[in-house]
Amino acid sequence: MKRIFFNILVIIASLSAVSCAEKVDKNVTWPEWASRPILSGMSVVATSGEKAIIAGETVVFSAEIKDEYNELTGYTLEVKYGDNVVLSLAETLSGHEAKISKEFVMPFAAYLPSGEFQPEVSLNVVNVKNGRSVQRVAKESNIILSRPASPEKLYVIDNKGQKFELQKGEGEYFYVTAPGADLSGLGTSFHIAAKASGNSPDYSDLVWGYEDGKISVLGKAGQAISAPDSGGKGFKELGFDLFSFKIEKLVNHVVTFDKENLAALDQGGVKYLAMENVKLIKDCEIVFNGFGDLKAMLQPDRFEILSDKSAKYTGHTAQWSIYYDTVDNWLIVNYASFHEPGQIWVTGVKACFPLGNNDTGNELKYLDGDGKSRFATLSAIKDENGDYRILVYLKNSFVIQLFTRVKWSTQIALNSLTEEYGVITKDGYFINPGKEFVPGVYELVFTVTKADNNNGDGAVVDVSLTPYAL
(Lines give C-alpha, C1' and ligand atoms only; values in the text may rest on other atoms or scores of the structure.)
Protein backbone atom coordinates (compact mmCIF):
# COMPACT_ATOMS: atom_id res chain seq x y z
CA MET A 1 0.00 0.00 0.00
CA LYS A 2 2.80 2.41 0.92
CA ARG A 3 4.54 1.61 -2.36
CA ILE A 4 1.40 2.39 -4.39
CA PHE A 5 0.90 5.68 -2.51
CA PHE A 6 4.51 6.73 -3.19
CA ASN A 7 4.17 6.01 -6.92
CA ILE A 8 0.99 8.10 -7.08
CA LEU A 9 2.82 11.05 -5.47
CA VAL A 10 5.68 10.76 -7.96
CA ILE A 11 3.25 10.78 -10.89
CA ILE A 12 1.39 13.81 -9.53
CA ALA A 13 4.65 15.72 -9.02
CA SER A 14 5.79 14.89 -12.54
CA LEU A 15 2.52 16.07 -14.06
CA SER A 16 2.73 19.32 -12.06
CA ALA A 17 6.25 20.01 -13.30
CA VAL A 18 5.24 19.40 -16.91
CA SER A 19 2.18 21.59 -16.49
CA CYS A 20 4.31 24.50 -15.09
CA ALA A 21 6.89 24.11 -17.81
CA GLU A 22 4.20 24.25 -20.48
CA LYS A 23 2.97 27.58 -19.03
CA VAL A 24 6.37 29.27 -19.57
CA ASP A 25 6.27 31.16 -22.85
CA LYS A 26 9.75 32.60 -23.35
CA ASN A 27 8.63 34.88 -26.15
CA VAL A 28 6.05 36.52 -23.88
CA THR A 29 7.54 36.60 -20.40
CA TRP A 30 11.34 36.72 -20.90
CA PRO A 31 11.54 40.15 -22.58
CA GLU A 32 10.35 41.55 -19.24
CA TRP A 33 13.52 40.18 -17.64
CA ALA A 34 16.72 42.28 -18.00
CA SER A 35 18.82 39.76 -19.89
CA ARG A 36 22.46 40.46 -20.58
CA PRO A 37 23.86 40.72 -24.12
CA ILE A 38 26.33 38.00 -25.09
CA LEU A 39 29.67 39.28 -26.49
CA SER A 40 31.99 37.16 -28.61
CA GLY A 41 34.76 37.36 -31.20
CA MET A 42 36.29 40.51 -29.68
CA SER A 43 39.62 41.55 -31.20
CA VAL A 44 41.82 44.53 -32.08
CA VAL A 45 43.83 44.15 -35.28
CA ALA A 46 46.16 46.66 -36.94
CA THR A 47 45.24 47.53 -40.53
CA SER A 48 48.89 46.92 -41.37
CA GLY A 49 48.54 43.33 -40.20
CA GLU A 50 51.32 43.74 -37.64
CA LYS A 51 50.91 42.55 -34.06
CA ALA A 52 53.20 45.27 -32.65
CA ILE A 53 52.44 48.84 -33.71
CA ILE A 54 53.29 52.44 -32.85
CA ALA A 55 50.71 54.72 -31.22
CA GLY A 56 49.08 56.77 -33.96
CA GLU A 57 48.53 53.83 -36.33
CA THR A 58 45.09 52.62 -37.42
CA VAL A 59 43.41 49.53 -35.96
CA VAL A 60 40.07 47.74 -36.37
CA PHE A 61 37.99 46.60 -33.41
CA SER A 62 35.63 43.68 -34.10
CA ALA A 63 32.95 42.00 -32.00
CA GLU A 64 29.70 40.07 -32.29
CA ILE A 65 26.76 40.81 -29.99
CA LYS A 66 23.61 38.79 -29.41
CA ASP A 67 20.64 39.06 -27.07
CA GLU A 68 17.87 36.55 -27.73
CA TYR A 69 15.40 38.11 -25.31
CA ASN A 70 15.75 41.92 -25.43
CA GLU A 71 16.68 44.33 -28.18
CA LEU A 72 20.06 46.02 -28.14
CA THR A 73 20.25 49.81 -27.75
CA GLY A 74 23.93 50.76 -27.89
CA TYR A 75 27.56 50.23 -27.01
CA THR A 76 30.59 52.13 -25.73
CA LEU A 77 34.10 51.19 -26.81
CA GLU A 78 36.78 52.38 -24.38
CA VAL A 79 40.59 52.36 -24.57
CA LYS A 80 42.73 52.89 -21.48
CA TYR A 81 46.48 53.29 -21.02
CA GLY A 82 46.95 52.36 -17.39
CA ASP A 83 44.36 54.42 -15.46
CA ASN A 84 43.90 56.99 -18.24
CA VAL A 85 40.95 56.74 -20.61
CA VAL A 86 42.38 57.84 -23.97
CA LEU A 87 39.48 56.98 -26.27
CA SER A 88 35.73 56.50 -25.83
CA LEU A 89 33.42 55.81 -28.77
CA ALA A 90 29.65 55.32 -28.43
CA GLU A 91 27.07 54.24 -31.02
CA THR A 92 23.44 53.11 -31.03
CA LEU A 93 22.29 49.58 -31.88
CA SER A 94 18.94 47.94 -32.73
CA GLY A 95 17.60 44.44 -33.07
CA HIS A 96 18.78 41.31 -31.28
CA GLU A 97 22.14 40.86 -33.05
CA ALA A 98 24.96 43.12 -34.18
CA LYS A 99 28.40 42.85 -35.70
CA ILE A 100 30.81 45.66 -34.92
CA SER A 101 33.76 46.55 -37.14
CA LYS A 102 35.13 49.90 -35.97
CA GLU A 103 38.26 51.47 -37.46
CA PHE A 104 40.08 54.09 -35.41
CA VAL A 105 43.52 55.47 -34.66
CA MET A 106 45.14 54.02 -31.54
CA PRO A 107 45.93 57.35 -29.85
CA PHE A 108 49.30 58.77 -29.02
CA ALA A 109 48.12 60.26 -25.73
CA ALA A 110 49.54 61.82 -22.59
CA TYR A 111 51.20 59.49 -20.07
CA LEU A 112 51.73 56.74 -22.65
CA PRO A 113 54.19 54.33 -20.97
CA SER A 114 57.63 53.69 -22.38
CA GLY A 115 58.36 50.24 -23.80
CA GLU A 116 55.87 47.75 -25.23
CA PHE A 117 52.51 47.23 -23.54
CA GLN A 118 48.95 46.22 -24.35
CA PRO A 119 46.19 48.80 -24.04
CA GLU A 120 43.05 47.88 -22.13
CA VAL A 121 40.23 47.76 -24.70
CA SER A 122 36.72 47.09 -23.38
CA LEU A 123 33.21 46.94 -24.82
CA ASN A 124 30.14 47.95 -22.82
CA VAL A 125 26.81 46.89 -24.39
CA VAL A 126 23.31 47.66 -23.09
CA ASN A 127 19.80 46.50 -24.09
CA VAL A 128 16.34 48.07 -23.79
CA LYS A 129 15.87 46.71 -20.26
CA ASN A 130 19.20 48.20 -19.20
CA GLY A 131 20.76 44.75 -19.11
CA ARG A 132 24.47 45.32 -19.52
CA SER A 133 27.58 43.34 -20.43
CA VAL A 134 31.17 44.58 -20.20
CA GLN A 135 34.12 42.63 -21.54
CA ARG A 136 37.79 43.28 -22.25
CA VAL A 137 39.66 42.16 -25.33
CA ALA A 138 41.83 39.18 -24.40
CA LYS A 139 45.61 39.52 -24.59
CA GLU A 140 45.93 37.06 -27.44
CA SER A 141 43.39 39.07 -29.47
CA ASN A 142 44.93 42.48 -28.78
CA ILE A 143 47.74 44.49 -30.35
CA ILE A 144 51.06 45.44 -28.70
CA LEU A 145 51.69 49.17 -28.52
CA SER A 146 54.78 51.42 -28.26
CA ARG A 147 55.46 55.16 -28.10
CA PRO A 148 56.63 56.96 -31.23
CA ALA A 149 60.32 57.90 -31.24
CA SER A 150 60.93 61.31 -29.64
CA PRO A 151 61.82 63.97 -32.24
CA GLU A 152 65.16 65.76 -32.05
CA LYS A 153 63.32 69.07 -31.80
CA LEU A 154 59.85 70.56 -31.82
CA TYR A 155 58.40 73.85 -33.05
CA VAL A 156 55.97 76.30 -31.48
CA ILE A 157 54.05 77.86 -34.37
CA ASP A 158 51.77 80.69 -33.29
CA ASN A 159 48.73 82.36 -34.84
CA LYS A 160 50.97 85.10 -36.26
CA GLY A 161 52.91 82.55 -38.32
CA GLN A 162 55.97 82.84 -36.08
CA LYS A 163 58.07 79.75 -35.44
CA PHE A 164 60.03 79.11 -32.23
CA GLU A 165 62.30 76.08 -31.95
CA LEU A 166 62.18 73.82 -28.89
CA GLN A 167 65.34 71.88 -28.12
CA LYS A 168 65.66 68.73 -26.04
CA GLY A 169 66.15 69.65 -22.40
CA GLU A 170 66.73 67.56 -19.29
CA GLY A 171 65.16 64.11 -19.42
CA GLU A 172 63.91 62.10 -22.36
CA TYR A 173 60.65 63.94 -22.95
CA PHE A 174 61.24 67.62 -22.12
CA TYR A 175 61.71 70.30 -24.80
CA VAL A 176 62.45 73.97 -24.15
CA THR A 177 63.30 77.15 -26.04
CA ALA A 178 66.98 77.98 -26.43
CA PRO A 179 68.53 80.26 -23.78
CA GLY A 180 67.93 83.88 -24.68
CA ALA A 181 65.13 83.14 -27.14
CA ASP A 182 62.99 86.23 -27.77
CA LEU A 183 59.40 85.29 -26.93
CA SER A 184 58.17 88.85 -26.52
CA GLY A 185 56.09 88.68 -29.71
CA LEU A 186 54.44 85.31 -29.00
CA GLY A 187 50.89 85.21 -30.32
CA THR A 188 47.73 84.46 -28.39
CA SER A 189 47.63 80.81 -29.49
CA PHE A 190 49.89 78.20 -31.05
CA HIS A 191 50.36 74.62 -32.20
CA ILE A 192 53.34 72.42 -31.33
CA ALA A 193 54.71 70.41 -34.23
CA ALA A 194 57.43 67.85 -34.92
CA LYS A 195 57.76 69.30 -38.44
CA ALA A 196 56.96 72.64 -40.00
CA SER A 197 55.88 73.44 -43.53
CA GLY A 198 57.08 77.00 -43.87
CA ASN A 199 55.45 78.76 -40.93
CA SER A 200 52.64 76.23 -40.56
CA PRO A 201 52.42 72.86 -38.78
CA ASP A 202 53.10 69.85 -41.00
CA TYR A 203 50.30 67.36 -40.31
CA SER A 204 52.19 64.52 -41.94
CA ASP A 205 53.92 64.21 -38.56
CA LEU A 206 52.97 64.86 -34.93
CA VAL A 207 51.06 68.09 -34.25
CA TRP A 208 49.59 69.04 -30.88
CA GLY A 209 46.58 71.30 -30.48
CA TYR A 210 43.53 71.56 -28.25
CA GLU A 211 40.79 68.94 -28.48
CA ASP A 212 38.09 67.67 -26.10
CA GLY A 213 39.21 70.09 -23.40
CA LYS A 214 42.88 69.10 -23.34
CA ILE A 215 46.15 69.21 -25.29
CA SER A 216 46.09 66.32 -27.77
CA VAL A 217 47.70 65.07 -30.95
CA LEU A 218 45.65 66.31 -33.93
CA GLY A 219 45.12 64.23 -37.04
CA LYS A 220 44.31 67.29 -39.11
CA ALA A 221 44.09 71.06 -38.73
CA GLY A 222 42.34 71.81 -35.45
CA GLN A 223 42.03 74.19 -32.54
CA ALA A 224 45.23 75.82 -31.33
CA ILE A 225 46.50 75.91 -27.75
CA SER A 226 45.80 79.19 -25.98
CA ALA A 227 48.98 80.93 -24.85
CA PRO A 228 49.34 80.73 -21.04
CA ASP A 229 48.75 83.81 -18.93
CA SER A 230 51.96 85.63 -18.02
CA GLY A 231 50.37 88.48 -16.08
CA GLY A 232 51.44 90.80 -18.89
CA LYS A 233 55.13 90.00 -18.37
CA GLY A 234 55.76 87.66 -21.29
CA PHE A 235 57.89 84.54 -21.10
CA LYS A 236 61.55 83.93 -20.46
CA GLU A 237 61.24 80.23 -21.42
CA LEU A 238 58.57 78.07 -23.02
CA GLY A 239 58.66 74.29 -22.95
CA PHE A 240 56.65 71.17 -23.68
CA ASP A 241 56.59 67.83 -21.86
CA LEU A 242 56.19 65.05 -24.42
CA PHE A 243 55.07 62.61 -21.69
CA SER A 244 52.38 64.61 -19.89
CA PHE A 245 51.53 66.89 -22.87
CA LYS A 246 51.82 69.87 -20.52
CA ILE A 247 53.09 73.33 -21.41
CA GLU A 248 55.98 74.39 -19.19
CA LYS A 249 56.87 78.05 -18.83
CA LEU A 250 58.97 80.55 -16.94
CA VAL A 251 57.41 84.01 -16.79
CA ASN A 252 59.73 86.92 -17.53
CA HIS A 253 59.39 88.34 -14.04
CA VAL A 254 61.89 88.04 -11.17
CA VAL A 255 61.24 88.62 -7.45
CA THR A 256 64.30 88.81 -5.19
CA PHE A 257 64.31 87.81 -1.52
CA ASP A 258 67.47 89.25 0.00
CA LYS A 259 67.88 87.89 3.52
CA GLU A 260 69.69 90.98 4.76
CA ASN A 261 66.90 93.31 3.60
CA LEU A 262 63.90 91.43 5.02
CA ALA A 263 62.02 92.92 7.96
CA ALA A 264 62.54 91.18 11.34
CA LEU A 265 59.41 90.12 13.25
CA ASP A 266 58.77 88.23 16.50
CA GLN A 267 55.40 86.51 16.91
CA GLY A 268 54.55 84.01 19.64
CA GLY A 269 58.21 83.46 20.43
CA VAL A 270 59.03 82.63 16.80
CA LYS A 271 61.39 84.94 14.92
CA TYR A 272 60.57 85.72 11.29
CA LEU A 273 62.12 87.59 8.39
CA ALA A 274 59.30 88.99 6.32
CA MET A 275 58.40 90.47 2.94
CA GLU A 276 54.72 91.33 3.12
CA ASN A 277 52.11 92.06 0.45
CA VAL A 278 54.16 91.15 -2.60
CA LYS A 279 52.61 90.03 -5.90
CA LEU A 280 53.74 86.62 -7.08
CA ILE A 281 52.85 85.63 -10.64
CA LYS A 282 52.37 81.95 -11.39
CA ASP A 283 55.58 80.50 -12.87
CA CYS A 284 57.70 83.58 -12.15
CA GLU A 285 61.30 83.26 -10.93
CA ILE A 286 62.26 83.97 -7.33
CA VAL A 287 65.90 84.57 -6.39
CA PHE A 288 66.99 83.84 -2.81
CA ASN A 289 70.11 85.70 -1.65
CA GLY A 290 71.78 84.71 1.60
CA PHE A 291 69.79 81.51 2.21
CA GLY A 292 71.00 77.91 2.41
CA ASP A 293 69.59 74.74 0.85
CA LEU A 294 66.33 75.74 -0.83
CA LYS A 295 64.91 72.21 -0.74
CA ALA A 296 65.08 72.27 3.06
CA MET A 297 63.01 75.45 3.35
CA LEU A 298 60.53 75.69 0.44
CA GLN A 299 57.01 74.24 0.27
CA PRO A 300 57.24 71.75 -2.63
CA ASP A 301 53.60 72.32 -3.60
CA ARG A 302 54.33 75.91 -4.64
CA PHE A 303 58.01 76.03 -5.62
CA GLU A 304 60.10 74.23 -8.22
CA ILE A 305 63.82 74.61 -7.62
CA LEU A 306 65.74 75.95 -10.63
CA SER A 307 69.22 76.38 -9.15
CA ASP A 308 70.94 76.66 -5.78
CA LYS A 309 69.67 80.25 -5.48
CA SER A 310 66.45 80.37 -7.48
CA ALA A 311 63.08 78.66 -7.76
CA LYS A 312 59.96 78.90 -9.90
CA TYR A 313 56.83 79.88 -8.00
CA THR A 314 54.07 77.44 -9.08
CA GLY A 315 51.15 78.67 -6.98
CA HIS A 316 48.39 80.94 -8.27
CA THR A 317 48.89 84.62 -9.03
CA ALA A 318 47.93 86.77 -6.02
CA GLN A 319 49.20 89.12 -3.34
CA TRP A 320 51.17 87.10 -0.79
CA SER A 321 53.16 87.67 2.36
CA ILE A 322 56.36 85.67 2.77
CA TYR A 323 57.72 84.72 6.21
CA TYR A 324 61.02 82.99 6.81
CA ASP A 325 60.88 81.12 10.13
CA THR A 326 64.49 81.38 11.33
CA VAL A 327 63.97 78.69 14.00
CA ASP A 328 62.56 75.94 11.77
CA ASN A 329 64.13 77.13 8.47
CA TRP A 330 60.71 77.30 6.79
CA LEU A 331 59.62 79.80 4.14
CA ILE A 332 55.87 80.22 4.74
CA VAL A 333 53.76 81.72 1.94
CA ASN A 334 50.42 83.02 3.26
CA TYR A 335 47.69 85.19 1.80
CA ALA A 336 48.53 88.88 2.21
CA SER A 337 44.97 89.69 3.30
CA PHE A 338 43.00 87.81 5.95
CA HIS A 339 39.57 88.70 4.55
CA GLU A 340 39.63 88.44 0.75
CA PRO A 341 37.29 86.12 -1.22
CA GLY A 342 38.72 83.10 -3.03
CA GLN A 343 40.81 81.80 -0.12
CA ILE A 344 40.97 78.65 2.00
CA TRP A 345 42.83 78.86 5.30
CA VAL A 346 43.99 75.56 6.86
CA THR A 347 44.37 75.22 10.61
CA GLY A 348 43.81 72.76 13.48
CA VAL A 349 46.12 70.79 15.79
CA LYS A 350 48.60 67.90 15.55
CA ALA A 351 49.69 69.04 12.08
CA CYS A 352 52.37 71.36 10.71
CA PHE A 353 54.26 72.80 7.76
CA PRO A 354 55.06 69.94 5.29
CA LEU A 355 58.79 69.98 6.06
CA GLY A 356 58.11 69.20 9.72
CA ASN A 357 57.83 65.82 11.45
CA ASN A 358 56.38 64.12 14.53
CA ASP A 359 58.77 66.06 16.80
CA THR A 360 57.96 69.50 15.37
CA GLY A 361 56.79 71.89 18.09
CA ASN A 362 55.45 74.72 15.90
CA GLU A 363 52.12 73.18 14.86
CA LEU A 364 48.87 74.41 13.40
CA LYS A 365 46.88 76.10 16.14
CA TYR A 366 43.31 77.21 15.34
CA LEU A 367 43.77 80.71 13.90
CA ASP A 368 46.24 81.53 16.68
CA GLY A 369 47.01 85.23 16.96
CA ASP A 370 44.19 85.93 14.47
CA GLY A 371 46.42 84.63 11.71
CA LYS A 372 49.58 86.41 12.86
CA SER A 373 51.18 83.24 14.24
CA ARG A 374 52.46 82.27 10.82
CA PHE A 375 52.98 78.54 11.39
CA ALA A 376 49.55 78.15 13.08
CA THR A 377 47.41 78.78 9.98
CA LEU A 378 48.50 78.01 6.41
CA SER A 379 47.11 79.04 3.01
CA ALA A 380 45.99 76.72 0.21
CA ILE A 381 46.86 77.45 -3.40
CA LYS A 382 44.33 77.35 -6.24
CA ASP A 383 45.07 75.19 -9.28
CA GLU A 384 43.97 75.60 -12.91
CA ASN A 385 40.88 73.44 -12.29
CA GLY A 386 39.68 75.73 -9.51
CA ASP A 387 40.53 73.26 -6.73
CA TYR A 388 42.57 74.28 -3.68
CA ARG A 389 45.64 72.29 -2.58
CA ILE A 390 48.12 72.23 0.26
CA LEU A 391 50.81 69.91 1.63
CA VAL A 392 50.68 69.38 5.39
CA TYR A 393 52.51 67.05 7.78
CA LEU A 394 49.82 65.19 9.75
CA LYS A 395 50.48 63.55 13.12
CA ASN A 396 48.49 60.96 15.06
CA SER A 397 45.18 62.38 16.38
CA PHE A 398 45.35 65.33 13.98
CA VAL A 399 42.42 67.71 13.57
CA ILE A 400 42.08 69.91 10.48
CA GLN A 401 39.58 72.72 10.06
CA LEU A 402 39.07 75.07 7.08
CA PHE A 403 38.02 78.72 6.91
CA THR A 404 37.36 81.16 4.07
CA ARG A 405 38.59 84.09 6.19
CA VAL A 406 40.58 84.46 9.41
CA LYS A 407 37.27 84.66 11.23
CA TRP A 408 35.52 81.98 13.31
CA SER A 409 32.13 82.28 11.58
CA THR A 410 33.61 81.40 8.19
CA GLN A 411 34.27 77.73 8.95
CA ILE A 412 33.74 75.48 5.92
CA ALA A 413 31.45 72.43 5.93
CA LEU A 414 33.28 69.29 4.74
CA ASN A 415 32.65 66.03 2.89
CA SER A 416 35.45 63.43 2.74
CA LEU A 417 36.24 61.63 -0.52
CA THR A 418 39.01 59.55 1.11
CA GLU A 419 37.62 58.26 4.40
CA GLU A 420 40.41 55.72 4.68
CA TYR A 421 42.74 58.62 5.48
CA GLY A 422 40.43 61.32 6.81
CA VAL A 423 36.90 61.23 8.23
CA ILE A 424 34.60 64.13 8.99
CA THR A 425 33.16 64.67 12.46
CA LYS A 426 29.37 64.50 12.93
CA ASP A 427 29.02 68.28 12.98
CA GLY A 428 30.64 68.34 9.50
CA TYR A 429 33.47 70.79 10.25
CA PHE A 430 36.56 68.82 11.32
CA ILE A 431 38.80 66.22 9.67
CA ASN A 432 40.15 63.38 11.85
CA PRO A 433 42.37 60.37 10.97
CA GLY A 434 40.79 57.50 9.02
CA LYS A 435 41.46 53.80 9.63
CA GLU A 436 44.39 53.61 7.18
CA PHE A 437 46.06 56.86 8.28
CA VAL A 438 49.73 56.84 9.28
CA PRO A 439 51.69 60.00 10.17
CA GLY A 440 53.40 61.73 7.26
CA VAL A 441 53.05 64.36 4.55
CA TYR A 442 49.65 64.47 2.84
CA GLU A 443 48.29 66.48 -0.05
CA LEU A 444 44.92 67.93 0.88
CA VAL A 445 42.67 68.84 -2.07
CA PHE A 446 39.52 70.93 -1.59
CA THR A 447 36.83 71.10 -4.28
CA VAL A 448 34.24 73.80 -3.62
CA THR A 449 30.71 72.42 -4.04
CA LYS A 450 28.99 75.46 -2.55
CA ALA A 451 30.56 78.91 -2.57
CA ASP A 452 30.52 81.17 0.47
CA ASN A 453 28.41 84.33 0.63
CA ASN A 454 29.76 87.87 0.64
CA ASN A 455 30.70 87.53 4.32
CA GLY A 456 32.62 84.29 3.76
CA ASP A 457 29.96 82.11 5.37
CA GLY A 458 28.23 78.93 4.16
CA ALA A 459 30.94 77.33 2.01
CA VAL A 460 30.97 73.55 1.46
CA VAL A 461 33.89 71.55 0.02
CA ASP A 462 34.77 67.97 -0.87
CA VAL A 463 38.06 66.97 0.76
CA SER A 464 40.60 64.34 -0.28
CA LEU A 465 43.79 63.33 1.54
CA THR A 466 46.57 61.57 -0.38
CA PRO A 467 49.95 60.44 1.03
CA TYR A 468 52.75 62.51 -0.57
CA ALA A 469 56.41 61.59 -0.95
CA LEU A 470 58.68 64.63 -0.70
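The values are calculated or read from the model by the stated rules, or taken from the named source; none is laboratory data. Nothing here was measured: the structure is a model prediction, and the numbers come from that model. As a convention, Cβ positions derive from the backbone with ideal geometry for all residues, glycine included, and neighbour counts pool all protein chains shown. Each accessible area value is taken on the protein alone, full model and side chains, heavy atoms only, with ligands, DNA and RNA left out. Shrake-Rupley method; radii C 1.70, N 1.55, O 1.52, S 1.80 Å.
Please compare each pair in 372/426; 80/163; 259/279; 312/395; 195/282 to a cut-off of 25 Å on the Cα-Cα distance and tell me which ones are over it. The partial results should precede the final answer.
Details: 372/426 30 Å; 80/163 34 Å; 259/279 18 Å; 312/395 29 Å; 195/282 30 Å.
Pairs exceeding the cut-off: 372/426; 80/163; 312/395; 195/282.
Explain nothing, just compute: Karplus ³J(HN,Hα) = 6.51 cos²θ - 1.76 cosθ + 1.60, θ = phi - 60°, for every residue of the stretch 102-109 in order, whole Hz, x for Gly and Pro.
For the stretch 102-109, the Karplus-derived couplings read 10, 9, 7, 8, 6, x, 8, 10 Hz, x marking Gly and Pro.
Give me the accessible area per residue for the chain, probe 1.4 Å, as a whole number in Å². Walk me through the numbers before you get to the answer.
Values: 23800 Å² over 470 residues.
Per-residue value: 51 Å².
How large is ³J(HN,Hα), in whole Hz, for each residue of the stretch 123-140 in order, when computed from phi with the Karplus curve 6.51 cos²θ - 1.76 cosθ + 1.60 and θ = phi - 60°, using x for Gly and Pro?
Here the 3J(HN,Hα) series is 10, 10, 10, 10, 10, 5, 9, 6, x, 9, 10, 10, 8, 8, 6, 5, 3, 5 Hz.
With an 8 Å Cα cut-off and a minimum separation of 6 or more residues, compute the relative contact order for the chain in percent.
On the way: 1081 pairs, mean separation 35.2, N = 470.
Relative CO of the chain lands at 7 percent.
Based on the Cβ-Cβ distance from residue 122 to residue 52, what FRET efficiency comes out when R0 is 30 Å, to the nearest 0.05?
Numbers: r = 21 Å, r/R0 = 0.70.
The value I calculate is 0.90.
Could you look at the chain and say what percent of its accessible area is carbon and sulfur, using a 1.4 Å probe and all protein chains?
On the way: 11650 of 23800 Å².
The nonpolar share, carbon plus sulfur, comes to 49 percent.
Between residue 88 and residue 451, what is the FRET efficiency for a Förster distance of 51 Å, r being their Cβ-Cβ separation, to the nearest 0.05? Let's see the in-between values first.
Working: r = 31 Å, r/R0 = 0.61.
Efficiency for this residue pair is about 0.95.
Rounded if a/c is under 1.5, else prolate if a/b beats b/c, else oblate: with a ≥ b ≥ c from the C-alpha gyration tensor eigenvalues square-rooted, which is the chain? Numbers along the way, then the final one.
On the way: a/c = 2.95, a/b = 1.48, b/c = 2.00.
Verdict is oblate for the chain.
Per the helix-only calculation at 222 nm, which mean residue ellipticity applies to the chain, given -39500 (n - 2.57) for every DSSP H run of n ≥ 4 and division by its residues, nearest 500 deg cm²/dmol? The partial results should precede the final answer.
Details: 2 runs with 26 residues, N = 470.
After summing the helix terms and dividing by the residues of the chain, the value is -2000 deg cm²/dmol.
Can you work out the Karplus-derived ³J(HN,Hα) for every residue in the stretch 145-162? Use 6.51 cos²θ - 1.76 cosθ + 1.60 with θ = phi - 60°, whole Hz, and x for glycine or proline.
10, 9, 5, x, 5, 6, x, 5, 7, 10, 10, 9, 10, 8, 6, 8, x, 7
Report the label-to-label distance for residue 210 and residue 309 in nanometres (one decimal), using points 7 Å from each Cα along the Cα→Cβ vector.
Taking the simple label geometry, residue 210 and residue 309 are separated by 3.8 nm.
Under 5 Å between amide H atoms, partner at least 5 residues away or on a different chain: which partners does residue 246 have, H built in plane at 1.01 Å?
Residues meeting the criterion, in which the H sits 1.01 Å from N, are 241.
Could you give the length gained by full extension between residue 419 and residue 337, i.e. 0.36 nm per residue of separation minus their alpha carbon distance, to one decimal place? Show your work: numbers first, answer last.
Values: separation 82, 0.36 × 82 = 29.52 nm, distance 3.23 nm.
In short, 26.3 nm is gained.
At 7 Å along Cα-to-Cβ for each site, give me the label-to-label distance between residue 178 and residue 460 in nm.
With each label point 7 Å from Cα toward Cβ, the separation is 5.7 nm.
Would you mind checking the tilt of helix 2-23 against the longest principal axis of the Cα atoms of the chain, expressed as 0 to 90 degrees and rounded to 10?
For 2-23 against the chain, the angle is about 60 degrees.
Can you list residues whose amide H is under 5 Å from residue 344's amide H, if they're 5+ apart or on another chain and H is modeled 1.01 Å from N?
For residue 344, the qualifying residues are 380.
Expressed as a rounded percentage, what relative contact order does the stretch 171-247 have, with Cα pairs under 8 Å and six or more residues apart? Walk me through the numbers before you get to the answer.
Working: 109 pairs, mean separation 28.9, N = 77.
Relative CO of the stretch 171-247 lands at 37 percent.
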